[in-house]
Amino acid sequence: MAEKLTQESIEAKLPEFPEWSISGGALQRTFKFDNFVDAMAFVNKVAEQAEDVQHHPDILVRYSKVTLTLSTHDAGGISQKDFDFAREVDRLLSAAR
């Protein structure tokens, strides 16, 4: 079971993820795409990764914008799993562009 990170640990890790922010006790980032089809292709890649690691983000799609919200529910907040998943999502985005 993942452990919830302290606020100090979260703040120390956050500079490694400049596009991500903390919102409502979760790690969050909004991605912008050229169109809905590209946004959904990205969502599908995120879904595949989420299934592979059994760590599922909240996903909000607004036409060409995708917002991912990461927290570890069984830990009650942000854990290392969330930062690991954010890193993988950033890698997926780089590979897609």
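For the chain, the tally of Lys pairs with Cα-Cα distances below 23 Å comes to 7, considering only residues 8 or more apart or on different chains. Using DSSP to call loops (not H, G, I, E or B), can you name the GluC sites (Glu not before Pro) in the stretch 1-94 whose Cβ has at most 15 other Cβ atoms within 10 angstrom? Sites meeting the loop and neighbour criteria: Glu3, Glu19. With Cα atoms as the point set, the radius of gyration and Dmax of the stretch 7-96 evaluate to 12.6, 39 Å. The chymotrypsin sites (Phe, Trp or Tyr not before Pro) of the stretch 60-97 that meet both conditions, a loop assignment by DSSP and at most 12 other Cβ atoms within 10 Å of the site Cβ, are Tyr63. The stretch 1-25 and the stretch 61-75 have their alpha-carbon centroids 15 Å apart.
Here Leu60 and Met1 are evaluated by their C-beta separation; at R0 = 30 Å the FRET efficiency comes out at 0.65. Counting only Cβ charges, +1 for Lys and Arg and -1 for Asp and Glu, the dipole size of the stretch 7-96 around its Cα centre is about 280 debye.
Helix-only arithmetic for the chain: the sum of -39500 (n - 2.57) across DSSP H runs with n ≥ 4, divided by the residue total, places the mean residue ellipticity at 222 nm at -14000 deg cm²/dmol.
Computed from the coordinates by the stated procedures, all read-outs in this text should not be read as laboratory data. Since the model is a prediction, treat every value here as computed from it, not as a measurement. As a convention, Cβ positions derive from the backbone with ideal geometry for all residues, glycine included, and neighbour counts pool all protein chains shown.
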